[in-house]
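Participant: Got a structure for you, written out below as structure tokens; questions coming shortly.
The values are calculated or read from the model by the stated rules, or taken from the named source; none is laboratory data. Bear in mind the structure is a predicted one, so any value in this text is a computation, not a measurement. Every residue, glycine among them, receives a Cβ derived from its backbone with ideal geometry; neighbour counts consider all protein chains shown.
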Amino acid sequence: MSDTVQVLLQYGYVVLFAFVLAEQIGLPIPAVPVLLGVGALAGTGRMSLALALGAALAASLPPDLVWYELGRRRGGRILGLLCRVSLEPDSCVRRAENLFMRRGRKALLIAKFFPGLSTIAPPLAGVVGVGRWQFLLLDSAGLIIWAGAWMSLGYVFSDALELVASRAARLGNYVLVIAGAVLAAYVLVKYIQRRRFFRSLRIARITPDELKRRLDAGDADLVVIDTRSALDVDTAPYTIPGALWIAAEEMDRRGHEVPRDREIVLYCT
């Protein structure tokens, strides 16, 4: 039996708690492999699915509630903070907003299945005004659905997962080295993409002072387009005077409204 299985047998609920907590805080540490392993061990009668769900719930609810309260009290500023520290700053908040626009509050039931969105969804729920008790109910149900689905998958395929674990045991510490290298490579690629994104913004941006100066001067060669989502506009209904509102996801459909013979300035926050 592999060292990993031994650790799960001895400290399974603690390991599960730690991995779920890390993922909900926003660290790039996936909890799914641990959920699968716990489910496989439950399938052989060596762990309890009920206790495992309890551990996952205890790890997820406190950070989710903190993010929710921050979103409720700090609004868009906390979303901006999460976006700045995210490995995918160009889309982290927008994807969560689009999910809320399509699914409403029920988005909390499926948000944990989307990497990155599980951290963004709680503060966004606070921003859009989901009630505290409704949030706790939906967030808890979402956690049970998410963790239960992965643990059930491990439970059903416990024999196959045990075979994989035994094969991995023959490789010894090389498995940990490979897993660590894959995780490090993923973080490095996302970091490089993030730096390129910010570099492109620095090259193609106009300062607020310069934009105000040109607008005050009545620059007829300039058109400003507000690309914020409907949720952003509802939360902060302030806009640059004269700006045309076309949400980013509607740009393809409404692209004909954008003047082609003028200098275009886009803003999203």
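Participant: Hey, can you tell me all the residues within region 248-262 that are in contact with a Lys or Arg (Cβ under 9 Å, 6 or more places away or on another chain) and not aliphatic (A, V, I, L, M)? Quick ask: steps written out before the conclusion?
Facilitator: Just the residues of region 248-262 that are in contact with a Lys or Arg (Cβ under 9 Å, 6 or more places away or on another chain), to begin with: 248-249.
Within region 248-262, just Glu249 meets the criteria.
Participant: What pairs can you find where one residue is in region 36-59 and within 12 Å of Tyr13 (Cβ to Cβ), the other is outside any helix (DSSP H, G or I), and their Cβ atoms are less than 6 Å apart, with a gap of 6+ or different chains?
Facilitator: Going by the 6 Å Cβ cut-off, the qualifying pairs are Val38/Met47; Leu41/Met47.
Participant: Residue check: is Ala31 of a type in the set (Gly, Ala, Ser), surrounded by fewer than 22 Cβ atoms within 10 Å (Cβ to Cβ), modelled with pLDDT of 85 or more and assigned by TED's automatic domain parsing to the domain that holds Ala55? Walk me through it before giving the result.
Facilitator: On the way: of a type in the set (Gly, Ala, Ser): yes; surrounded by fewer than 22 Cβ atoms within 10 Å (Cβ to Cβ): no; modelled with pLDDT of 85 or more: yes; assigned by TED's automatic domain parsing to the domain that holds Ala55: yes.
In short, no.
Matching residues to (1) buried (at least 19 other Cβ atoms within 10 Å of the Cβ); (2) modelled with pLDDT of 85 or more; (3) among the β-branched types (Val, Ile, Thr):
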| residue | (1), (2), (3) |
| --- | --- |
| Leu124 | yes, no, no |
| Gly129 | no, no, no |
| Phe135 | yes, yes, no |
| Gly142 | yes, yes, no |
| Trp146 | yes, yes, no |
| Ser152 | no, yes, no |
| Leu161 | yes, no, no |
| Val164 | no, no, yes |
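Participant: Still on this structure, I have one more. Name the one entry in Ala42, Ala55 that is part of a helix (DSSP H, G or I), at pLDDT 85 or above and either in the same structural domain as Ser158 (by TED's automatic domain parsing) or in contact with a Ser or Thr (Cβ under 7 Å, 6 or more places away or on another chain) (or both).
Facilitator: Criteria check complete, one pass: Ala55.
Participant: Enumerate the pairs (first residue in region 199-219 and more than 16 Å from Ile264 (Cβ to Cβ); second residue anywhere and of a type in the set (A, V, I, L, M) and at pLDDT 75 or above) with beta-carbon separation below 9 Å, excluding pairs fewer than 6 apart on the same chain, so at least 6 apart or on different chains.
Facilitator: Matching pairs, first to second residue: Lys212/Ile240.
Participant: Can you say whether Gly172 is more than 27 Å from Ala111 (Cα to Cα) and modelled with pLDDT under 75, as far as the supplied structure shows?
Facilitator: yes
Participant: State which residue is nearest to Asp221 (Cα to Cα) when the search covers only region 243-269 and only residues that are aliphatic (A, V, I, L, M) and in a strand (DSSP E or B).
Facilitator: Ranking the candidates gives Ile264 first.
Participant: Related question: Of the residues in region 34-60, how many are surrounded by 17 or more Cβ atoms within 10 Å (Cβ to Cβ) and closer than 20 Å to Phe157 by Cβ?
Facilitator: 15
A quick yes/no check of all residues on (1) closer than 27 Å to Leu153 by Cβ; (2) modelled with pLDDT under 80; (3) surrounded by fewer than 18 Cβ atoms within 10 Å (Cβ to Cβ):
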site: Val7; (1), (2), (3): yes, yes, yes
site: Val14; (1), (2), (3): yes, no, yes
site: Gln24; (1), (2), (3): yes, no, no
site: Pro62; (1), (2), (3): yes, no, yes
site: Leu82; (1), (2), (3): no, yes, no
site: Ser86; (1), (2), (3): no, yes, no
